[in-house]
Amino acid sequence: MGFGALKTLGASLSRRRVRAEEPTTPWKKALRNLFRASPRQTRTDHPEPPPFAPVPPIQWDNTLFQPEDSIPSSDQSAPVPAKRKAWVEDDVESEAEEPGEEDGIDVSYHLPSTRCAKYLDEGHAMRARDLWDELEEPPSSLVACPSCAAPLTTNPPELRTLFRCKDCAPLAMCCAQCMCRSHCERPYDRILQWDLDKRIWTKIALPQIGYELRLGHGGALCGKSLSKASNLVVLHEHGIMDLPVVYCACEGSGSEVEQLMRAGLWPATWERPHTATSLTALEAFHSLNLNGQVNVHDYLAHLKRQTDNVCAEDVKDRYREFNNSYRLFTFVRACRRAGVDPTRLLNIGCLAVLCPACPQPGKNIRPGWEDRDPAFQYLDALHYSIDGNFHFNLKLKHTDPKDFPLTKGAAYFVHEDDFKKYIAQAPRPKYESSTCNEFAAMGSGKYKGPVSGIIAVVCRHMMVMQGGVVDLTKAEGYMYVDIAMVSSLQRYLKLKLLIGSYDIHCQYIIHLRERLETEFPKEMLDELESIDDPDVPTIIAAVGKYHLSMHKPACRPYFSLHHLPGSCMDCGETCERLWGIISGVSRRTKEMSSGHRHDALNDLFSDHNVRRIHHITTELYDKLEIAEERLATTTEYLQTVEASVNDRFPLGTLAEWQDAHAQWNRDVVDITKHKVLESPFEPPADISE
């Protein structure tokens with residue numbers, strides 16, 4: 001990687017470097033929060049050196065090379081800071097720190113070697129083993145129940161022992177009747193019984209000691225129910241169990257499905273269910289699926305081992321029931337969050353989570369923005385990035401060919417029906433030869449299945465845009481990028497300016513307007529539900545700062561986010577950061593049917609956007625602080641440079657350069673002028689003469 005690429009990458013990752021320097025110790029965090037609570041002031045102490053400023057000569061300290069006893073001290077009696085006492089429970093965020101002292105405090109106690117040595121040498125491991133053994137000590141007496149004092153001999157032979165619950169604290173022992181009575185509304189707790197023959201605590205399910213789940217009366221038996229308990233297979237957080245269920249027969253109690261849902265059980269079928277999954281299990285898997293990329297197969301294997309860790313293969317497989325229930329669960333969950341009815345026909349984009357920091361016409365833009373001075377229109381501009389990902393392919397396998405996404409057209413994928421019409425009817429654009437280097441973006445990836453990857457449009461705050469994702473059926477052709485971009489920008493047509501980045505923008509943007517007129521004729525628009533107008537606002541085309549170094553030198557000035565007007569400090573690589581977070585999910589989605597795959601990815605994108613909203617306030621506040629500091633430093637540096645120009649060059653040179661820069665800002669946004677436009681940032685060709 002050359003110096004230009006390193007400089008570009010360093011600029012785009014400057015935010016990461018700043019974050020890495022933030023304090024991690026608790027008292028420093030508290031101090032930072034205290035400063036944040038006070039009115040913001042521009043920091044003037046220790047300003048960062050301006051970019052490209054002359055580096056001051058290094059002042060060597062000769063005492064660094066002298067023996068310690070020969071270095072004079074200004075205060076020989078200065079007290080030595082006391083070392084902090086180490087505790088095992090201390091903050092562990094600084095495990096990567098090197099041994100030593102920080103601000104007079106011993107930080108070696110953070111190291112794993114210190115903690116592990118302390119844990120072993122001071123006997124904590126032995127104490128943990130002994131205390132754990134105490135939890136599994138046998139009952140002191142098997143004569144009567146410690147809770148109700150009833151003699152155990154009155155119970156059937158298999159129940160003449162004591163039980164305890166692992167999920168209830170304290171771990172009190174009781175008889176079978178007391179255990180069922182205390183768990184009338186806690187059927188999924190993990191129960192242990194004292195095995196009289198093996199003399200150990202063994203797992204047992206509540207139904208094995210006479211428990212029944214009685215619905216409708218808070219655990220009491222319905223007086224009007226004459227039928228016997230029905231067997232229901234329940235998947236819950238602690239395993240899989242056969243649960244006898246007594247339904248309420250009172251008037252207005254509802255159907256079996258309704259009673260199960262009120263009890264927190266999601267039925268596998270919606271007519272006469274025989275299998276159900278607890279909502280807590282679905283919520284737990286939803287979190288594991290999104291945060292740990294755990295798939296259904298592995299989660300079901302976990303539930304089987306929770307049920308029987310020795311003969312897990314004997315537990316009947318419930319993959320199909322759980323998989324179907326989870327898909328429906330995520331769909332209804334998305335509709336509840338958006339406040340819409342879960343029906344077949346959903347409004348366009350109603351389930352998508354929008355970025356609150358991007359300009360949303362009619363939502364978060366101040367009144368009168370339409371009349372803003374053109375010189376400041378970039379303040380209302382939408383920044384977006386386009387990129388493809390060939391990891392999200394789809395295997396060629398036997399699945400339901402009629403499967404459709406429950407979230408059709410309502411989330412992040414281009415409306416599926418519109419996409420099919422577009423691919424089938426839109427004329428293919430003419431082949432455009434590359435005017436710059438060849439990039440992998442124009443390839444088809446390594447996989448040749450029905451879907452080779454996806455194209456996504458992501459805003460500058462790394463949130464997936466509504467209607468901005470499309471499947472690639474062949475390669476990353478312009479047709480796919482065109483419909484993804486046009487679909488994602490439909491809600492932003494009122495804006496005056498867009499700033500977009502794409503790896504191959506230098507060639508993609510040249511004939512964009514011509515392609516859109518050809519691909520979206522009036523007859524086509526009349527048939528599309530999600531696209532009303534392909535005439536998008538003015539686009540300032542850029543190339544991401546990392547990919548720019550791979551373009552030809554003659555191409556870089558015209559698409560550099562360092563030079564384009566209004567681009568601010570946008571890196572243009574938000575898609576790449578997104579791929580690094582979610583690409584691991586592709587190992588699971590490539591095995592799904594087409595409709596299920598879209599539902600799963602839409603749920604993933606929504607979760608990602610929601611998490612971005614949770615962190616965006618702190619992130620933008622930190623960036624604002626950095627921007628204020630660098631604004632003062634850069635302004636001072638610019639004034640110094642301008643003064644130097646006035647001193648060293650003829651009168652009027654500075655004004656001439658400023659006029660050239662202003663003319664550049666006006667012309668660089670027009671792709672048709674690039675061939676004749678000279679960059680003021682590049683030295684003249686005859687500079688060496």
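The values are calculated or read from the model by the stated rules, or taken from the named source; none is laboratory data. This one's a predicted model, so the numbers in the text were calculated from it and none came from an experiment. We place every Cβ from the backbone using ideal geometry, glycine too, and count neighbours over all the protein chains shown.
I'd like to check something: does the stretch 299-315 contain any residue that is of a type outside the set (A, V, I, L, M), within 19 Å of ALA600 (Cβ to Cβ) and part of a helix (DSSP H, G or I)? Outline the logic, then answer.
Of the stretch 299-315, the ones of a type outside the set (A, V, I, L, M) are 299, 302, 304-309, 311, 313-314.
Narrowing further to those that are within 19 Å of ALA600 (Cβ to Cβ): 299.
Next, from what is left, pick out any that are part of a helix (DSSP H, G or I): 299.
Looking through the stretch 299-315, at least one residue is of a type outside the set (A, V, I, L, M), within 19 Å of ALA600 (Cβ to Cβ) and part of a helix (DSSP H, G or I).
In the set PHE413, PHE419, PHE439, which member is more than 22 Å from the chain's Cα centre (by Cα), of a type outside the set (Asp, Glu) and modelled with pLDDT of 95 or more? Reasoning before the result, please.
Numbers: PHE413 fails: more than 22 Å from the chain's Cα centre (by Cα); PHE439 fails: modelled with pLDDT of 95 or more.
The match here is PHE419.
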Given the conditions (1) modelled with pLDDT under 90; (2) in a loop (DSSP other than H, G, I, E, B); (3) within 29 Å of ASP622 (Cα to Cα), every one holds for GLN360 apart from (1)
Of the listed residues (LYS203, LYS224), the one being assigned to a loop (DSSP other than H, G, I, E, B), of a type in the set (Lys, Arg) and either out of contact with any Leu (no Cβ under 9 Å at 6 or more places or on another chain) or in contact (Cβ under 8 Å) with a residue 12 or more places away in the chain (or both) is LYS224
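Being in a helix (DSSP H, G or I) and either closer than 30 Å to THR435 by Cα or more than 34 Å from the chain's Cα centre (by Cα) (or both): is that true of THR640 here?
Yes: the conditions hold for THR640.
Does at least one position in the stretch 646-661 carry a residue that is assigned to a loop (DSSP other than H, G, I, E, B) and either touching a residue at least 24 places away in the same chain (Cβ under 8 Å) or among the hydrophobic types (A, V, I, L, M, F, W, C) (or both)?
At the first step, the residues of the stretch 646-661 found to be assigned to a loop (DSSP other than H, G, I, E, B) are 649-652.
Narrowing further to those that are either touching a residue at least 24 places away in the same chain (Cβ under 8 Å) or among the hydrophobic types (A, V, I, L, M, F, W, C) (or both): 649, 651.
Yes: the stretch 646-661 contains one or more residues that are assigned to a loop (DSSP other than H, G, I, E, B) and either touching a residue at least 24 places away in the same chain (Cβ under 8 Å) or among the hydrophobic types (A, V, I, L, M, F, W, C) (or both).
Could you please let me know if ALA600 is of a type outside the set (D, E, K, R) and either crowded, with 21+ Cβ neighbours inside 10 Å or in a loop (DSSP other than H, G, I, E, B) (or both)? Please lay out each step first, then the result.
Numbers: of a type outside the set (D, E, K, R): yes; either crowded, with 21+ Cβ neighbours inside 10 Å or in a loop (DSSP other than H, G, I, E, B) (or both): no.
No, not satisfied.
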Of (1) in a loop (DSSP other than H, G, I, E, B); (2) in contact with a helix residue (DSSP H, G or I) (Cβ under 9 Å, 6 or more places away or on another chain), HIS547 satisfies every one except (1)
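Would you point out which residue out of VAL315, VAL310, VAL296 is more than 20 Å from LEU406 (Cα to Cα) and surrounded by 15 or more Cβ atoms within 10 Å (Cβ to Cβ)? Steps first, please.
Values: VAL310 fails: surrounded by 15 or more Cβ atoms within 10 Å (Cβ to Cβ); VAL296 fails: more than 20 Å from LEU406 (Cα to Cα).
None of the others qualify; the one that does is VAL315.
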From the option list ARG199, ARG214, ARG181, single residue qualifying as modelled with pLDDT of 90 or more and within 42 Å of the chain's Cα centre (by Cα) is ARG214
Within the stretch 256-278, is even one residue surrounded by 16 or more Cβ atoms within 10 Å (Cβ to Cβ), touching a residue at least 60 places away in the same chain (Cβ under 8 Å) and not polar (S, T, N, Q)?
yes
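State yes or no: is ASP341 surrounded by fewer than 18 Cβ atoms within 10 Å (Cβ to Cβ), modelled with pLDDT under 95 and either part of a helix (DSSP H, G or I) or not small (Gly, Ala, Ser) (or both)?
Values: surrounded by fewer than 18 Cβ atoms within 10 Å (Cβ to Cβ): yes; modelled with pLDDT under 95: no; either part of a helix (DSSP H, G or I) or not small (Gly, Ala, Ser) (or both): yes.
It is false that ASP341 is surrounded by fewer than 18 Cβ atoms within 10 Å (Cβ to Cβ), modelled with pLDDT under 95 and either part of a helix (DSSP H, G or I) or not small (Gly, Ala, Ser) (or both).
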Within the stretch 665-684, of all residues that are within 22 Å of CYS568 (Cβ to Cβ), free of Cβ contacts under 8 Å to residues at least 40 places away in the same chain and not basic (Lys, Arg), the one surrounded by the fewest Cβ atoms within 10 Å (Cβ to Cβ) is ASP670
Reported set for the stretch 561-578 where residues are surrounded by 22 or more Cβ atoms within 10 Å (Cβ to Cβ) and not in a loop (DSSP other than H, G, I, E, B) is THR574, CYS575
Problem - So CYS145, is it among the hydrophobic types (A, V, I, L, M, F, W, C) and over 21 Å from ALA220 (Cα atoms) - result: yes
Contact list, first residue from the stretch 486-506 and surrounded by fewer than 18 Cβ atoms within 10 Å (Cβ to Cβ), second anywhere and among the β-branched types (Val, Ile, Thr) and in a strand (DSSP E or B), beta-carbon distance below 9 Å, six or more apart or interchain, is LYS496/THR538
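Out of all the residues in the stretch 625-654, which are of a type in the set (A, V, I, L, M, F, W, C) and surrounded by 11 or more Cβ atoms within 10 Å (Cβ to Cβ)? Quick ask: steps written out before the conclusion?
Keep residues of the stretch 625-654 that are of a type in the set (A, V, I, L, M, F, W, C), which gives 626-627, 631-632, 638, 641, 643, 645, 649, 651, 654.
If the condition is that a residue be of a type in the set (A, V, I, L, M, F, W, C) and surrounded by 11 or more Cβ atoms within 10 Å (Cβ to Cβ), then ILE626, ALA627, LEU631, ALA632, LEU638, VAL641, ALA643, VAL645, PHE649, LEU654 are the ones that fit.
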Note on the stretch 500-519: residues in contact with a helix residue (DSSP H, G or I) (Cβ under 7 Å, 6 or more places away or on another chain) and either modelled with pLDDT of 90 or more or aliphatic (A, V, I, L, M) (or both) are TYR502, ASP503, ILE504, HIS505, TYR508, ILE509, ILE510, ARG515, LEU516, GLU519
task: Consider ALA456 carefully, then state whether it is closer than 20 Å to ARG428 by Cβ and not basic (Lys, Arg).
output: no
Scanning the stretch 230-251 residue by residue, those surrounded by fewer than 17 Cβ atoms within 10 Å (Cβ to Cβ) and either closer than 15 Å to ALA268 by Cα or of a type in the set (A, V, I, L, M) (or both) turn out to be ASN231, ASP242, ALA249
Just checking, does the stretch 575-594 include any residue being of a type in the set (A, V, I, L, M), free of Cβ contacts under 8 Å to residues at least 40 places away in the same chain and out of contact with any helix residue (DSSP H, G or I) (no Cβ under 9 Å at 6 or more places or on another chain)? no
| request: Would you mind stating whether LYS552 is farther than 30 Å from VAL610 by Cα, among the charged types (D, E, K, R) and in the same structural domain as VAL469 (by TED's automatic domain parsing)? | output: yes
Being surrounded by fewer than 19 Cβ atoms within 10 Å (Cβ to Cβ), in a helix (DSSP H, G or I) and not β-branched (Val, Ile, Thr) is the requirement here; does CYS178 meet it?
yes
